[in-house]
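Here is the structure we will look at.
The values are calculated or read from the model by the stated rules, or taken from the named source; none is laboratory data. Predicted, not measured: the structure shown is a model, and the values here were computed from it. Neighbour counts are summed over all protein chains in view; Cβ atoms, including those assigned to glycine, are modelled from backbone coordinates with ideal geometry.
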Amino acid sequence: MRLIIADGYAEMCARGAEIFTDVLKKKPNAVLGLATGSTVIGVYDKLAETFESGAVSFGEARTVNLDEYVGASPDDPISYAYYMAEKLFDRTDIDKKNTHIPDGMAENLAAECARYDALLDALPRDVQLLGIGSDGHIGFNEPGSPFDGRTHVAALAASTVKDNSRLFGSIAEVPRRAVTMGISDILKAKRIVILACGANKAKAVYDMISGEISESCPASALRLHADVTALVDREAAGRLK
Ligand code: F6R
């Protein structure tokens, strides 16, 4: 794993966006694995800016997102489909039919997980963007998730519900379940870029990089992959030796 300690949030996001821009310049129809959450917003801002400058096009790109809340429809501002439209898709020339997010409204969630697995098999990711939970989760693969897991319905850990409540009116409004890509499919991406910022991520970053490779820190699975770049700010790197 390559570790880059960035000088602040803007630099961290600019470096993350640069990796995605380079991939797209070399391969305009690349498959981009995308994440949501607060940390990666700056990456999408930078990518939208780069698109506006004419330096890159998303016209042929395909995207596959990590996860979606169960019960969240694309027109609901809490959904990750809404987030993606607002933060990236509606700001670029990406063709919406080439964008894929699990369907949190599916009546049959087991069938939706199987559909998403087939999609992942058909669209191997050239690069995968990740954030990290304060408990070390990636996607919504919470501690204890198997490294060989595929798309499944995950129950959010109590700490994740608490972390995510900052984006909702109250803790009661935070969805408790999500459809998430499994760790085995995250590891199938050719290249992985994981971002972390802030002191509340310092323990997870330490466990990912220096702890035991174990299900107790899902992000530690990334050490089994040959091409991972971890972009962190000074606060998130605070516990590293
Ligand atoms: C989102 C996702 C999550 C987040 C993580 C960090 O698609 O899969 O793993 O990346 O919860 O979220 P923030 O950046 O909001 O702290």
Inset, instruction - Need at least 3 residues that are near the ligand (Cβ under 10 Å from one of its atoms) per element, so show me which helices (runs of 4 or more DSSP H) inside region 106-219 make the cut, counting only ones lying wholly within it. - result: 158-164
Inset, instruction - Output the residues belonging to region 162-200 that are closer than 16 Å to His137 by Cβ, among the small types (Gly, Ala, Ser) and surrounded by fewer than 19 Cβ atoms within 10 Å (Cβ to Cβ). - result: Ser165, Ser184, Gly198
Inset, instruction - Would you please name the residue that is nearest to the ligand (Cβ to nearest atom), looking only at residues in region 41-69 that are assigned to a loop (DSSP other than H, G, I, E, B) and crowded, with 23+ Cβ neighbours inside 10 Å? - result: Leu66
Legend entry - Selection count, region 12-45, where residues are of a type in the set (D, E, K, R) and free of Cβ contacts under 8 Å to residues at least 40 places away in the same chain: 4
Inset, instruction - Considering each of Glu112, Glu60 in turn, give the residue that is over 17 Å from the mean Cα position of the chain (by Cα), within 13 Å of Leu32 (Cβ to Cβ) and at pLDDT 95 or above. - result: Glu60
Inset, instruction - Could you tell me which numbered condition Tyr82 fails, if it satisfies all but one of (1) over 14 Å from the mean Cα position of the chain (by Cα); (2) within 15 Å of the ligand (Cβ to nearest atom); (3) of a type outside the set (Val, Ile, Thr); (4) not in a helix (DSSP H, G or I)? - result: (4)
